Structures are given as C-alpha cells and as structure tokens.
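Heads up, the thing below is written out as structure tokens.
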Amino acid sequence: WVVGPVDAAETAALDETERLRKVFSLHDPESELSRLNRASGPFAASEDLLDVLYDYEWWHTATNGALNPLVGGLVRAWDTAG
C-alpha cells in the first residue's frame, strides 16, 4: 500500500522501476548486467548487482548447484525460440 498523493507514488514507483531496469535488464545493452556479461576482466559492480550475485552464490551452494546463475545460454535459446 502506498499512502500519499497518487502522482507522487506513481512517479516514485516508475523511477525505481527504471533505476532497476538500468541495472538488471538483459534487453538493454547498456544495462549494468549486460555490460557485466560482456566484460572480459574486472568489473565495478553496483551494490544492487552485488547483492543479487551474492544471493545467487549462497543459493547455488545451499541447493548443491540446483540453482545456477549462469543462465546466459538459456536466455539466448529462449530469445531465439521466440
């Protein structure tokens, strides 16, 4: 629930969605995640991206590898199939 003026709440929600899109979008070649996927060396990651990567690492270990964050091949196959 959001309490306050509707316009301000809508703007805040859209601003946050856009901020996260700039970090995590696989469709935007300039998003942080897209740039990380292309990087061939050290990469300065934001706190948002690091938090997700650390959580993936934890779950990968906790599930004995059942959760694997290396889904690039799957994403490419899905895009091709589409």
Among (1) of a type outside the set (Ser, Thr, Tyr); (2) free of Cβ contacts under 8 Å to residues at least 40 places away in the same chain; (3) exposed (fewer than 13 other Cβ atoms within 10 Å of the Cβ), there is one condition Val75 misses while meeting the rest; what is its number?
(2)
Pair list, Cβ < 8 Å and 6+ apart or interchain, from region 56-68 residues that are without any contact (Cβ under 8 Å) to a residue 40 or more places away in the chain to residues that are of a type in the set (A, V, I, L, M) and open to solvent by less than 80 Å² (accessible area, probe 1.4 Å):
Tyr56/Leu67; Trp59/Leu67; His60/Leu67
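Having 3 or more residues that are open to solvent by 60 Å² or more (accessible area, probe 1.4 Å), modelled with pLDDT of 95 or more and closer than 22 Å to Val75 by Cα is the bar; report the helices (runs of 4 or more DSSP H) wholly within region 1-65 that clear it. Spell out how you get there, then give the answer.
Details: elements: 6-24, 32-38, 47-62.
It comes to 6-24.
The values are calculated or read from the model by the stated rules, or taken from the named source; none is laboratory data. Note that the coordinates shown come from a computational prediction; the quantities given were computed from them, not determined experimentally. Backbone-built Cβ (ideal geometry, glycine too); neighbour counts: all protein chains shown. All accessible areas refer to the heavy atoms of the entire protein, side chains included, with ligands and DNA or RNA removed. Shrake-Rupley method; radii C 1.70, N 1.55, O 1.52, S 1.80 Å.
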